[in-house]
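Here is the structure we will look at.
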Amino acid sequence: MNAQSTGAGSGPAQEVQPDFREFVVKRDNERPLSFAGALLAKATQSPLGVDTLEAAVYKTRGGKYITALAKHSALDAIQSRAVQAVESLVTATEGKLPSTSGYNKAAVHDTFEQAVAWFRPGRLTDAIREQLGLNKPERID
């Protein structure tokens with residue numbers, strides 16, 4: 001159960017001008033979020049190799065923060081391909097099977113602190129905090 005981190009940017013304390021690009025973040029039962037921004041941190045975890053959990057923090061060009069959390073199951077991917085194959089043969093989609101174990105969540109925040117607080121404690125959050133430089137010791141004199 002190791003959280004894998006991807007070097008995806010630096011924390012907000014550094015004044016490095018980020019590389020902005022276009023992102024679309026999926027959300028269940030809501031419209032996707034589309035924005036120009038920078039990926040600040042991203043971590044992935046695959047406990048037991050069945051589900052993949054992914055967390056990310058973005059900063060928009062306008063100064064907002066986007067947090068995203070997704071869970072994808074290998075079974076969902078197989079099911080989705082099977083449903084697509086059936087739908088291509090039969091035009092009626094009434095028998096479409098819903099996803100049973102995956103999800104896509106995302107939120108918009110005004111501050112960096114709100115964005116970081118959105119994540120629940122755990123290995124993915126620890127990996128995100130590490131990338132953002134939030135686990136470095138605070139020097140007290």
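We did not get these values from a lab; they are worked out from the coordinates using the rules stated. Predicted, not measured: the structure shown is a model, and the values here were computed from it. When we count neighbours, we look across all protein chains shown, and the Cβ atoms used for this are built from the backbone with ideal geometry, even at glycine.
What the table below lists for this structure:
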{"quantity": "Vicinal HN-Hα couplings computed from phi for the range 105-117 (Karplus, 6.51 cos²θ - 1.76 cosθ + 1.60; Hz; Gly/Pro x)", "calculated": "10, 7, 8, 10, 10, 7, 10, 4, 4, 5, 5, 5, 5"}
{"quantity": "Cross-link pairs LYS71/LYS136; LYS26/LYS64; LYS59/LYS136; LYS59/LYS105 - those with Cα-Cα distance over 19 Å", "calculated": "LYS71/LYS136; LYS59/LYS136"}
{"quantity": "Mean Cβ count within 10 Å, highest first, over the residues of peptides 49-62, 111-124", "calculated": "49-62, 111-124"}
{"quantity": "LYS26/ASN135 FRET efficiency (R0 30 Å; Cβ-Cβ; nearest 0.05)", "calculated": "0.55"}
{"quantity": "Table column - 3J(HN,Hα) (Hz), the range 121-137, Karplus curve with 6.51, -1.76, 1.60, x for Gly and Pro", "calculated": "x, x, 5, 5, 5, 4, 5, 4, 4, 4, 5, 7, x, 8, 9, 6, x"}
{"quantity": "Net length gained if the chain between SER73 and SER34 were fully extended (0.36 nm per residue, minus Cα distance)", "calculated": "11.6 nm"}
{"quantity": "Amide H contacts of ARG27 (H built 1.01 Å from N, under 5 Å, at least 5 apart or other chain)", "calculated": "LEU33"}
